[in-house]
Amino acid sequence: MTTNGNSSTAISAYGEDNSQKNVPQTTSNSQSEEQDHPERGNWTGRFDFLLSLLGYSVGLGNVWRFPYLCYNNGGGAFLIPFTIMLIIAGLPLMFMELSFGQYAALGPVAIYRRFCPLFRGLGYGMIIVSAIVMLYYNLIIAWTIYYMFASFGYELPWHTCETNWSTENCFSYESADECEANNGTFYLRQCYNSTHPDYHNITKLALHALKRPPAEEYFTNQVLKLSAGIEEPGEIQFSLAMCLLCAWVIVFLCLCKGVQSSGKVVYFTALFPYVVLVILFFRGVTLPGAKDGIMFYLTPVWKRLATAQVWGDAAVQIFFALSPAWGGLITLSSYNKFSNNCYKDSLIVAVCNIATSFFAGLVIFSIIGFLAHELNVDVDKVVDQGAGLAFIVYPEVVTRLPISPVWSILFFLMLLTLGLDSQFALMETVTTAILDKFANLRHHKFWVVLIVAVLGYLGGLGFTTNSGMYWLQLMDKYAANWSVLLIAISECVLISWVYGSQRFLNDIQGMIGKRSRFWNFFWSSMWRYITPATLLFILFFNWVEYKPASYGHYVYPLWADGVGWIIGLLPVFIIFVTAIQQYLKAPENLTFCEKLKALMKPTPEWGPAGRPCPSMNTSDRYPSSNTYDCVSNTRILLNGIPADGVHINDNFTNGFHDEMLQL
């Protein structure tokens with residue numbers, strides 16, 4: 001608001017609607033310039049956001065990592081630490097970031113630039129993590145596309161050991177069964193009968209021979225064409241490069257119009273995996289041996305709960321399942337309407353995540369039980385994790401099902417949709433950061449998304465070489481590990497201690513309505529004490545359990561681990577560099593402590609993106625006993641310069657609010 005006279009005075013009540021025409025806006029020069037730029041846009045419907053969030057949180061890890069962790073950590077007993085870690089670590093972080101992004105309607109970079117200038121590097125760190133993961137995550141999507149195309153035929157190509165990609169250790173179960181039916185011994189891809197002169201020696205050798213299923217040889221030698229190590233890059237594989245191009249084209253087409261286009265695509269990509277999981281479940285439980293697999297999965301081993309490994313694995317799985325501190329949650333929620341109930345959304349997604357993980361375990365272990373029955377081995381002999389479960393175990397299983405190409409296409413189409421949802425959020429995080437930084441490019445969103453997609457494709461080509469799998473494993477181990485944990489801990493400290501947990505809760509209640517005193521106490525305690533302590537435990541656990549990178553029996557050379565550490569610590573390095581840069585820009589007449597104190601305050605541009613909930617008045621949202629030093633409920637600007645140290649009490653603020661509503 002400006003007053004007549006020689007000097008103009010602008011007054012901004014934090015929490016008032018800065019987007020409504022009736023209410024004067026607090027402006028600095030940067031704010032007024034930003035209003036000339038195009039709008040960021042919003043989700044066209046509430047379910048667009050909810051399904052996008054669900055797709056981002058429920059990903060490939062729910063299908064291929066959670067079942068393995070249950071097997072490795074006490075079966076059904078693992079659900080106890082998993083649920084506890086969801087409540088004390090995953091859910092609080094998700095709720096915090098969703099509220100944070102929705103309140104300011106900004107992406108990670110822009111929001112920290114206004115919220116805490118000293119730690120604006122947190123936003124850059126999140127973007128770096130998302131950008132690195134985005135590069136190799138799309139390669140996994142490319143693998144699923146490769147397998148989908150390979151599944152179109154009368155017989156799956158990995159049904160038997162083809163000479164052009166298999167080795168002598170390739171063990172075809174079908175050929176072995178035929179050989180044994182004729183009282184022979186199957187050894188090194190040949191059937192030897194009792195008339196062979198070395199039959200007795202061969203029988204002994206066959207018992208201890210290395211046996212690799214055709215699906216494993218196909219994945220390693222045909223799909224990956226894997227070299228002997230990371231130091232042997234080889235050449236780009238044309239087939240994988242084309243599949244990667246196809247993956248990036250799909251991502252680009254779904255995101256070229258921003259959340260308006262991706263919000264519609266997720267109605268299919270977020271819901272289709274559940275349809276396939278249900279179909280696979282009913283098919284899996286009817287297979288012989290399925291009961292053994294499910295019982296192996298569900299039978300609790302209570303003594304395992306006394307080990308730190310179980311709790312550490314549960315915490316890590318929850319943390320990376322919901323993906324806080326990657327920037328995706330802040331980005332997705334920044335396109336919400338101001339009054340959206342982000343609290344309810346976080347509860348829904350958290351419950352869906354654990355339910356999906358549990359149900360996916362039933363599906364996978366019913367199929368693994370069938371495979372163990374077919375091979376006449378124990379269930380624990382065929383359990384694998386990661387790519388081994390998705391691209392080796394299951395492809396081997398479907399070859400033993402009737403109409404195997406149909407089941408193969410369904411499974412890999414499910415993996416494709418699971419991967420695309422997460423990739424959409426990663427890509428949107430990067431592009432949103434660019435568009436928030438250069439708001440004049442919002443008119444050219446199509447070209448921004450295209451350029452990012454092209455650069456992403458070029459950056460991902462390195463993963464299509466013969467050593468690509470080694471690089472993918474290295475990135476996956478280091479890119480989103482310690483740096484993400486440190487970012488999450490810093491985020492908790494800044495919001496709950498520096499800004500003030502109650503102040504932040506008041507901001508949230510300004511969006512979703514006033515809540516009970518217990519509700520405030522619970523979330524304040526979580527953000528201030530329990531969640532940071534849990535994150536520190538995860539960080540300490542990861543450091544204690546650290547082992548150099550390896551892939552199967554291959555141990556990475558020292559220089560490769562060094563590259564991994566550089567990649568992993570890059571986001572943390574950026575945070576420190578930007579903090580030093582901001583400190584050096586501070587006025588020289590201030591002391592060291594005064595500079596830090598000033599840089600820890602939100603800038604004058606910090607504030608809500610829309611009108612607060614009318615059921616909460618200003619005194620409810622911002623009590624006079626403010627825990628955040630020197631940041632008043634209302635900021636006065638004199639000629640665009642904040643008049644620090646002037647505190648306007650709640651009576652004045654309420655009166656000012658009523659006066660503004662009458663204008």
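The values are calculated or read from the model by the stated rules, or taken from the named source; none is laboratory data. Bear in mind the structure is a predicted one, so any value in this text is a computation, not a measurement. When we count neighbours, we look across all protein chains shown, and the Cβ atoms used for this are built from the backbone with ideal geometry, even at glycine. Heads up: the accessible areas ignore ligands, DNA and RNA and are worked out on the full protein's heavy atoms, side chains in. Shrake-Rupley method; radii C 1.70, N 1.55, O 1.52, S 1.80 Å.
Observations, loosely collected:
- Applying the condition of being open to solvent by 90 Å² or more (accessible area, probe 1.4 Å) and at pLDDT 95 or above to segment 437-456 and asking which residue is farthest from the chain's Cα centre (by Cα) yields 451.
- Output for segment 350-386, where each listed residue is farther than 18 Å from residue 273 by Cα and hydrophobic (A, V, I, L, M, F, W, C): 368, 370, 371, 372, 375, 377, 379, 382, 383
- Matching residues in segment 546-567 - criterion: being within 25 Å of the chain's Cα centre (by Cα) and of a type in the set (A, V, I, L, M, F, W, C): 549, 560, 563, 565, 566, 567
- Filter result (open to solvent by 20 Å² or more (accessible area, probe 1.4 Å), of a type outside the set (Ser, Thr, Tyr), over 13 Å from residue 99 (Cα atoms) and in a helix (DSSP H, G or I)) within segment 501-527: 502, 517, 518, 519, 521, 522
- Filter result for the condition that a residue is hydroxyl-bearing (Ser, Thr, Tyr), modelled with pLDDT of 85 or more and more than 25 Å from the chain's Cα centre (by Cα), over 334, 366, 357: 366
- Qualifying residue in segment 94-108 (condition: under 18 Å from the mean Cα position of the chain (by Cα), over 30 Å from residue 412 (Cβ atoms), part of a helix (DSSP H, G or I) and among the aliphatic types (A, V, I, L, M)): yes
- The residues on offer are 283, 212, and the sole one that is more than 17 Å from residue 142 (Cβ to Cβ), open to solvent by 40 Å² or more (accessible area, probe 1.4 Å) and touching a residue at least 60 places away in the same chain (Cβ under 8 Å) is 283.
- Some residue of segment 544-565 being part of a helix (DSSP H, G or I) and under 18 Å from residue 490 (Cα atoms): no
- Which numbered condition residue 406 fails, given (1) surrounded by fewer than 19 Cβ atoms within 10 Å (Cβ to Cβ); (2) closer than 22 Å to residue 299 by Cα: (2)
- Close contacts from segment 443-466, counting a first residue that is farther than 20 Å from residue 254 by Cβ and a second that is basic (Lys, Arg) and open to solvent by less than 50 Å² (accessible area, probe 1.4 Å), with Cβ to Cβ under 6 Å and a gap of 6+ residues or different chains, come to none at all.
- The C-beta contact set for segment 376-401 (first residue at positive phi, second residue modelled with pLDDT under 85 and assigned to a helix (DSSP H, G or I), distance under 7 angstrom, 6+ apart or interchain) comprises 386/64.
- Selection count, segment 345-373, where residues are charged (D, E, K, R) and in contact with a Pro (Cβ under 8 Å, 6 or more places away or on another chain): 0
- Residues that are under 26 Å from residue 257 (Cβ atoms), assigned to a helix (DSSP H, G or I), in contact (Cβ under 8 Å) with a residue 12 or more places away in the chain and of a type in the set (S, T, N, Q) do occur in segment 409-419.
- Residue satisfying all of: in segment 528-577; more than 22 Å from residue 119 (Cβ to Cβ) and of a type in the set (S, T, N, Q); least open to solvent (accessible area, probe 1.4 Å) among these: 542
- Being modelled with pLDDT of 95 or more, of a type in the set (Val, Ile, Thr) and assigned to a helix (DSSP H, G or I) is true of residue 145.
- Complete set of residues in segment 279-316 that are of a type in the set (S, T, N, Q) and closer than 20 Å to residue 368 by Cβ: 286, 299
- The one condition from (1) modelled with pLDDT under 85; (2) under 21 Å from residue 60 (Cβ atoms); (3) out of contact with any Phe, Trp or Tyr (no Cβ under 9 Å at 6 or more places or on another chain) that residue 377 does not meet is (2).
- Hits in segment 577-606 - residues which are free of Cβ contacts under 8 Å to residues at least 12 places away in the same chain and of a type in the set (Phe, Trp, Tyr): 592
- Matching option when the condition is under 23 Å from the mean Cα position of the chain (by Cα), over 22 Å from residue 120 (Cα atoms) and not hydroxyl-bearing (Ser, Thr, Tyr), among 573, 541, 522: 541
- Flag: residue 202 does not match the condition of being open to solvent by less than 20 Å² (accessible area, probe 1.4 Å), farther than 19 Å from residue 145 by Cβ, of a type in the set (Val, Ile, Thr) and at pLDDT 80 or above.
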